[in-house]
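Each remark here refers to the structure printed beneath this line.
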Amino acid sequence: MKEIKQDLQKLGIKLGDIILIHSSLKSMGYVIGGADAVIDAFLETLGNGGSIVMPTFTMGKEPFTPKRTASRVGKITEVFRQRKGVLRSCHPTHSIAAYGPKAEYLTKDHNETMGPFVKDGPLGKLVELDSYILFLGCGMGPNTMLHGVEDWIGLPYLKGYEAPVEDDKGEIKKVLVPKRAPGHRDFYSSGSGKIERRLGRSNIIKEGNIGEAKVQLVKARELVKAVITFMQENPTILLCDNDDCQFCFKAKELVKNWLNSGNRVKDFKGIFPLIEKNSI
């Protein structure tokens, strides 16, 4: 655990920070204490004033209940969500778990009535709080914040989705989750996507290692500002250019029609006016 803390501190993570962690335990090699040791290292590095956030996505594969349904996005996230004091949001496809002073704020009201990526949900709040995003051994393929940008811009290929939910009585019902992110994206192939190459040239991503894992660290606000700028130039930059990918091909047509109808990609100030005003 000591070595993990040292690696985190080398990246610039310090007491009081807020950090969203996408992770792969396997990528770190053998870790004494496993996922718990990794979580403990983050907790000690951030201290009592810091907050940890992790995705605990289930993708609607099974009836969702916050206390019991397992995370489908890695061992560390599943161990983390079961920790004492960790709060989990009630979203049936894209729940998040959080610990620390900002945990309640980040998880509150994130449920089946809202889309998973809305600005008033956890992703927008992480931008508001000027949080970090860490990709621990998984590359930037699971960069959920990019789906947030798609939602906030209003891109037309996000679709509603029916997800099963289990209530306190054990009864199962289906709810319509608005504006989920279906289909394919260019950035899912970590290391080779257009957006990742552009971000690499922007010098906002810090790279390092934690154990044997390669990591990337970026401020959520800087990431979103950069991606919105890129999307003003090319609104389909998150979609792939493979002619055989029917989803991305059809999505590009939808975006073209959307733009021809008079829509446009807002700038960061247009989406987060209070942040931009306060940063001047």
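The values are calculated or read from the model by the stated rules, or taken from the named source; none is laboratory data. Model, not experiment: these values are computed from the prediction. Every residue, glycine among them, receives a Cβ derived from its backbone with ideal geometry; neighbour counts consider all protein chains shown.
Quick check on my filter: what residues within the range 140-166 are of a type outside the set (A, V, I, L, M), in a loop (DSSP other than H, G, I, E, B) and surrounded by 22 or more Cβ atoms within 10 Å (Cβ to Cβ)? Within the range 140-166, just 143 meets the criteria. Take the conditions among the acidic types (Asp, Glu), under 21 Å from residue 197 (Cα atoms), surrounded by fewer than 20 Cβ atoms within 10 Å (Cβ to Cβ) and at pLDDT 95 or above and apply them to residue 253. Does it pass? When the stated conditions are applied, residue 253 does not pass them. Within the range 177-188, residues that are buried (at least 21 other Cβ atoms within 10 Å of the Cβ) reach partners that are among the basic types (Lys, Arg) and part of a helix (DSSP H, G or I) with beta carbons closer than 8 Å, at six or more positions or on different chains, in the pairs 187/194.
Restricting attention to the range 109-122, does a residue exist that is at pLDDT 95 or above and either closer than 13 Å to residue 54 by Cβ or assigned to a helix (DSSP H, G or I) (or both)? Yes: the range 109-122 contains one or more residues that are at pLDDT 95 or above and either closer than 13 Å to residue 54 by Cβ or assigned to a helix (DSSP H, G or I) (or both).
Only one of the listed residues (214, 206, 219, 119) is within 14 Å of the chain's Cα centre (by Cα), closer than 30 Å to residue 31 by Cα and either buried (at least 22 other Cβ atoms within 10 Å of the Cβ) or not aliphatic (A, V, I, L, M) (or both). That residue is 219.
The criterion of being modelled with pLDDT under 95 and either touching a Gly at 6+ places or on another chain (Cβ under 6 Å) or surrounded by 14 or more Cβ atoms within 10 Å (Cβ to Cβ) (or both) holds for residue 64. Taking each residue of the range 216-230 that is under 12 Å from residue 21 (Cα atoms) and looking for partners that are small (Gly, Ala, Ser) and part of a strand (DSSP E or B) with beta-carbon atoms closer than 9 Å, six or more apart or interchain, yields 216/208; 217/208.
Selection of the range 247-264 for residues being touching a Pro at 6+ places or on another chain (Cβ under 9 Å) and of a type in the set (Phe, Trp, Tyr) yields 247, 258.
State the number of residues belonging to the range 182-199 that are within 13 Å of residue 142 (Cβ to Cβ) and either part of a strand (DSSP E or B) or at pLDDT 90 or above (or both). Here the count works out to 4. In this structure, does residue 8 turn out to be hydrophobic (A, V, I, L, M, F, W, C), touching a Leu at 6+ places or on another chain (Cβ under 8 Å) and over 30 Å from residue 179 (Cβ atoms)? In short, no. Test residue 56 against the stated conditions and say whether it is surrounded by fewer than 22 Cβ atoms within 10 Å (Cβ to Cβ), hydroxyl-bearing (Ser, Thr, Tyr) and closer than 22 Å to residue 161 by Cα. Criteria not met by residue 56.
Summed over the range 93-116, residues that are closer than 17 Å to residue 164 by Cβ and either over 14 Å from the mean Cα position of the chain (by Cα) or among the acidic types (Asp, Glu) (or both) total 3. Among the residues making up the range 19-53, those that are closer than 16 Å to residue 216 by Cβ and either surrounded by fewer than 21 Cβ atoms within 10 Å (Cβ to Cβ) or of a type in the set (Val, Ile, Thr) (or both) are 19, 21, 24, 27.
In the range 1-18, which residue that is more than 9 Å from residue 45 (Cβ to Cβ) and out of contact with any Lys or Arg (no Cβ under 7 Å at 6 or more places or on another chain) is surrounded by the most Cβ atoms within 10 Å (Cβ to Cβ)? By that ranking, first place goes to 7. Restricting the first member to the range 30-51 and to residues that are within 20 Å of residue 101 (Cα to Cα), and the second to residues that are in a loop (DSSP other than H, G, I, E, B) and charged (D, E, K, R), the beta-carbon pairs closer than 6 Å and six or more apart or on different chains are 46/17; 50/17; 51/102.
Among the residues of the range 70-78, is there at least one that is in contact with a Phe, Trp or Tyr (Cβ under 9 Å, 6 or more places away or on another chain), at pLDDT 95 or above and acidic (Asp, Glu)? No, the range 70-78 has no match at all.
Yes or no: the range 264-274 includes at least one residue that is touching a helix residue (DSSP H, G or I) at 6+ places or on another chain (Cβ under 6 Å) and either surrounded by fewer than 17 Cβ atoms within 10 Å (Cβ to Cβ) or in a loop (DSSP other than H, G, I, E, B) (or both). The answer is yes; a qualifying residue exists.
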